[in-house]
Amino acid sequence: MHQHYLVNFKDNLGARRIHTQFQMLRRIVVVAVQVLALAVMMMTFPRIRELGTGLLASAGVAGLVIGVAARPFLENLIAGIQIGLTQPIRIDDVVIVEGE
C-alpha cells in the first residue's frame, strides 16, 4: 500500500497526507502492542500478579485519582493524535518565515 503513494514528485499533497497518517497509526499500534506485551510479561511474576489483583480491587478510587492526575497529559496526547490525523501539518511541509 505504501508504494502507491510516492512523495518524491512536485505535487505530492495527497501522498504526504497518506504517509503522515500511516506513520501516526503505525506508531500508535506499536506503542499499544509494546504496552500489552509488557503487561503480559509482568503478569508472569507472582508478586506483580498479586499487586495487580490488589490494584484491581481498589481500581475505582485509584482510577479516579490517576484519571485526574493524568488529564493534562491525556488531553495533549489526544490533541497530538488529532492534529496528526487531520493534517494541518504534513511530513515534509516547508514553513517560510521572513524569507528563510
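The values are calculated or read from the model by the stated rules, or taken from the named source; none is laboratory data. Keep in mind that what you see is a predicted model, and the values were worked out from it rather than measured. Neighbour counts run over all protein chains shown; Cβ positions are idealised from the backbone, glycine included.
Could you tell me whether any residue of the stretch 19-33 is modelled with pLDDT under 85, in a helix (DSSP H, G or I), polar (S, T, N, Q) and on the phi < 0 side of the Ramachandran plot? Yes. Taking the condition over 26 Å from MET24 (Cα atoms) and part of a helix (DSSP H, G or I), does ARG71 pass? Judged against the criteria, ARG71 is not a match. Could you grab me the full set of residues in the stretch 37-58 that are part of a helix (DSSP H, G or I), among the polar types (S, T, N, Q) and either touching a helix residue (DSSP H, G or I) at 6+ places or on another chain (Cβ under 8 Å) or at pLDDT 80 or above (or both)? Answer for the stretch 37-58, where residues must be part of a helix (DSSP H, G or I), among the polar types (S, T, N, Q) and either touching a helix residue (DSSP H, G or I) at 6+ places or on another chain (Cβ under 8 Å) or at pLDDT 80 or above (or both): there is none.
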